[in-house]
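Heads up, the thing below is written out as structure tokens.
The values are calculated or read from the model by the stated rules, or taken from the named source; none is laboratory data. Quick caveat: nothing in here was measured; it's all calculated off a predicted structure. Note that we place each Cβ from the backbone using ideal geometry, even for glycine, and neighbour counts take in every protein chain shown. Note: areas computed on protein heavy atoms with side chains; ligands, DNA, RNA excluded. Shrake-Rupley method; radii C 1.70, N 1.55, O 1.52, S 1.80 Å.
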Amino acid sequence: MSWTKKHLLDIESLTAEEISTVLDTARAFKNVGERAIKKVPALRGKTVVNLFIEPSTRTRISFELAEQRLTADIVNFSADASSFKKGETLKDTAKNLEALNADFIVIRHSASGAAHFLSRVVKSSIINAGDGAHEHPTQALLDAFTIRERKGKIAGLNVTILGDILYSRVARSNIWALTKLGAKVTLCGPSTLVPKTFEQMGCRVTHNVDEAIRDADIIHLLRIQHERQRKTMFPSIGEYTQLFGLNKTRLAKTKQDALIMHPGPINRGVEIDSEIADCERSLILEQVTNGLAVRMAVLFLLNGGKGPQEISGN
Ligand code: CP
């Protein structure tokens, strides 16, 4: 199938087939990344603006490298050194980028809906690099890619997402992607951070961590998103770690081949013990590696690429 979308704003509006096309195209780009010459000219002559209004390490660097590998012209926008500081609005900033003929704007913003808003006010293609607690589509795509690569499939797997679900855009995008691809998703964490309403998204909700991880093929951990919580959602970090943190004792009760994921940044000793973060069953850095190929695939498809068959040497 071909991709006809102009923007990547969320996973909710993608079909399973569209998600699979991204994953198949990313597979081909991962092969490209293993060659001596890792660049292809797919975005030659195109301008990409990386508009990161909220901090990021992995997503920002991964997008920038993906754009370089595709031979795009790149502008990195720094909010601190911009006219945001003088009160310019997001719309006016984006209009100025459009006036400079930006073909793509990759936006990270603390407000849910910021990417959808930009897609309505400028002609450039918009890629959501994380908007508030709403969605983080490329994170979910790289997570799905990593699971499929390691387990050979997604349909039928038990995936447990453990932590602060309520404030997590990663959780929402992963729930959409994994349920569309046929995984059985369990959500777990304190009841204040994992309300039963998430069952409406097709997930199982439990507040018992041992039950949540017992049959899991994938345990996907999330940090507490203090920056988005407006009130105290649990008594203390220490109590959270004791009740929900992944440690050696808990890991010993999981399936031998259960794998550990985390989108980063990790808080060692809080949601995950340091030795587990670095153990053989941890895919944390593989997720980062795969993010590059997935973001290349997203840019390629939004630019009119049809799929993996168009990537030379594939
Ligand atoms: N996973 C993720 O979005 O990390 P960054 O905030 O560092 O981009």
Straight-line reach from Lys248: which aspartates and glutamates have Cα under 19 Å away, leaving out those fewer than 8 places along the same chain?
Asp210, Glu211, Asp215, Asp217, Glu239, Asp257, Glu271, Asp273, Glu275, Asp278, Glu280
If you find the alpha carbon centre of the range 166-181 and of the range 292-314, how far apart are they in angstrom?
23
Relative counts (whole %) of C-alpha pair distances in the range 115-197, using bins that are 5 Å wide:
3, 14, 21, 22, 17, 12, 7, 4, 1
Using the Cβ atoms and a cut-off under 12 Å, what net charge is assigned to the surroundings of Ser274, where Lys and Arg are +1 and Asp and Glu are -1?
-2
Selected from Val32, Ala212, Ala144, residue furthest toward positive end of dipole (the chain; charges at beta carbon):
Val32
Over the chain, what is the mean sequence separation of C-alpha contacts under 8 Å (at least six apart), divided by residue count, expressed as relative contact order in percent?
23
Report the full-extension gain for the segment Ala99 to Thr249: residue separation times 0.36 nm, less the Cα-Cα distance, to one decimal in nm.
48.3 nm
From the phi of every residue in the range 44-51, what ³J(HN,Hα) in whole Hz does the Karplus formula 6.51 cos²θ - 1.76 cosθ + 1.60 yield, where θ is phi - 60° and glycine or proline is x?
4, x, 9, 10, 10, 9, 9, 9
The long-range amide H neighbours of Arg108, using H built 1.01 Å from N in the peptide plane and a cut-off of under 5 Å, are Leu51, Phe52, Ile53, Glu54, Ala129
Which far-off residues, 5 or more places away or on another chain, put their amide H under 5 Å from the one on Val75, with H placed in the peptide plane?
Val48, Val49, Asn50
Assign one of three labels to the range 1-81, namely rounded, prolate or oblate, based on the Cα gyration tensor with a ≥ b ≥ c the square roots of its eigenvalues; rounded applies when a/c is under 1.5, prolate when it is not and a/b is larger than b/c, and oblate otherwise.
oblate
Expressed in angstrom and rounded, the centroid-to-centroid distance over alpha carbons for the range 112-144 and the range 208-250 is 26
Just check the range 137-287 against the gyration tensor rule for me: Cα atoms, a ≥ b ≥ c as the square roots of the eigenvalues, rounded for a/c under 1.5, and otherwise prolate or oblate depending on whether a/b exceeds b/c.
rounded
Given the rule -39500 (n - 2.57) for each run of at least 4 DSSP H residues, summed and divided by the residues of the chain, what is its mean residue ellipticity at 222 nm, to the nearest 500 deg cm²/dmol?
-11000 deg cm²/dmol
On average, how much accessible surface per residue is there in the range 80-142, in Å², for a 1.4 Å probe, leaving out ligands, DNA and RNA?
40
Links exceeding 30 Å between C-alpha atoms in this model, out of Lys38/Lys86; Lys153/Lys196; Lys85/Lys196; Lys30/Lys180, come to Lys38/Lys86; Lys85/Lys196
Placed amide H near Ser282: partners under 5 Å, 5+ positions off or other chain:
Ile260
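In the chain, what % of DSSP beta bridges are antiparallel (nearest 5)?
That works out to approximately 5 percent antiparallel.
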If you count, for each residue, the other Cβ atoms within 10 Å and average over each peptide, how do 184-196, 299-311, 156-168 line up from highest to lowest?
156-168, 184-196, 299-311
Ignoring ligands, DNA and RNA, what percent of the 1.4 Å accessible area of the chain is carbon and sulfur?
50
Can you tell me, using C-alpha contacts under 8 Å and at least 6 residues apart, the relative contact order of the range 1-86 as a whole percent?
27
